[in-house]
Amino acid sequence: MRGFIKPLLISSLLATGFLTAQTVSTLVADINLAFPEALSRTRDNILFSPSGRQGVIYRIEPDGQFTVFAQNQPFPQGGTVDDAGAFLVSLYNTGMVRRFDRDGSFINIAGGFQGPTGCVINPGGDTLYVANYAGNSVSKVPLAGGTVLPFVAGGGINGPDGLVFDEAGNLYIANFNDNLIHVADPRGNLRLFATLPSPNSGYLTRGGEQFYITGSRGHQIFRIFPQGDVSVLAGTGAPGFRDGRADSAQFSTPNGIAINAAADSLFIVDVGNRAIRIIELTPTAIDKPDDRSGLNFELLPNYPNPFNPETTLSFRLSRSGTVKLAVYDIAGRHIRTVIQDRLGAGLHRFRFSDPHLSSGVYFCQLSARGKVATQKMLVVR
């Protein structure tokens with residue numbers, strides 16, 4: 001096969017069952033005691049949401065009933081749930097992590113962290129990883145007890161917040177202070193994974209082979225494909241409070257995020273609206289015709305241009321619809337289909353790389369509902 005495309009090709013998309021957003025609704029509205037921030041889910045779909053500003057941890061039932069689970073906590077931030085269903089929460093002001101049983105009793109399991117925020121347990125279930133927001137690093141500690149050890153530091157980590165593992169044991173780290181997500185392999189080797197089209201990254205979660213992340217200051221929810229390409233999942237980008245279709249829904253500073261056990265619904269902490277929102281996910285209908293009129297798009301110049309061998313292709317959609325993005329040579333021969341999928345409204349970015357292309361002029365073409373836009377690209381070896 002000549003070159004490669006990020007994300008996966010259409011046959012792979014079908015095989016892995018990628019999901020897209022359909023509707024947004026509200027599970028809990030007007031949580032007026034405090035501002036919930038992060039979000040964690042147990043196996044029986046009970047949610048825990050700490051509020052650092054008020055020192056409160058909420059417990060939210062699947063039907064939306066919520067109670068104050070714990071109070072007077074020193075700025076609780078991120079959290080995770082262990083195999084026994086206990087809730088582990090980071091305490092920013094004291095640099096500690098506490099483990100809460102279901103009855104509300106707790107023990108301190110580790111300390112010495114630097115402004116801890118997100119935390120997550122590795123796939124083996126024996127080690128806790130904690131984001132040190134103030135230390136621009138991630139630490140790890142055995143759940144059975146032991147010494148807190150450094151895992152990764154620097155290398156672009158800037159105010160880490162969200163953490164999530166994949167099944168291979170790679171740790172994905174979202175920076176709150178910028179829009180970058182890095183990935184570290186089990187040995188701590190770090191590389192850039194994705195860049196959000198939003199000023200700040202929030203927390204992130206994973207369902208199947210896709211990642212989902214909140215863009216706090218951009219007021220949107222994004223999905224990230226396995227190779228790091230980003231697509232808008234829900235939200236117009238303007239702050240507000242509106243349920244309904246994902247491409248017209250509005251959020252206000254979304255932050256915490258969790259996915260349910262069936263991996264078909266996302267729960268979002270909508271901080272500005274003091275609410276817990278739900279995004280329903282449905283299988284992507286790649287071959288479904290776009291039955292809505294009024295789809296407009298803008299194909300942006302690729303960057304860098306000229307390039308060798310990789311460049312980023314970007315475009316904006318006015319609303320959700322089925323699009324095709326492909327690359328052709330100067331003679332009109334098809335080089336590769338980059339993406340052919342139903343995408344939501346907003347900005348979309350995809351990386352294209354082909355080390356076998358010779359120097360010369362190529363064209364990137366975006367098409368939808370009979371409309372076509374083209375950009376010229378230049379490969380320089």
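The values are calculated or read from the model by the stated rules, or taken from the named source; none is laboratory data. Source: prediction; values computed, not measured. Cβ placement follows ideal geometry from the backbone for every residue including glycine, while neighbour counts extend to all protein chains displayed.
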Residue check, Ser12 against (1) outside any strand (DSSP E or B); (2) hydroxyl-bearing (Ser, Thr, Tyr); (3) at pLDDT 90 or above, all met but one. Which one? (3)
Is the range 257-268 home to any residue that is closer than 16 Å to Gly64 by Cβ, of a type in the set (Gly, Ala, Ser), crowded, with 23+ Cβ neighbours inside 10 Å and not assigned by TED's automatic domain parsing to the domain that holds Leu343? yes
Subset tally (residues that are among the small types (Gly, Ala, Ser), surrounded by fewer than 17 Cβ atoms within 10 Å (Cβ to Cβ) and in a strand (DSSP E or B)) for the range 105-119: 0
Can Asp264 be described as over 18 Å from the mean Cα position of the chain (by Cα) and at pLDDT below 90? no
Tell me, which residue of the range 76-94 that is free of Cβ contacts under 8 Å to residues at least 24 places away in the same chain and out of contact with any strand residue (DSSP E or B) (no Cβ under 6 Å at 6 or more places or on another chain) is farthest from Gly55 (Cα to Cα)? Ala84
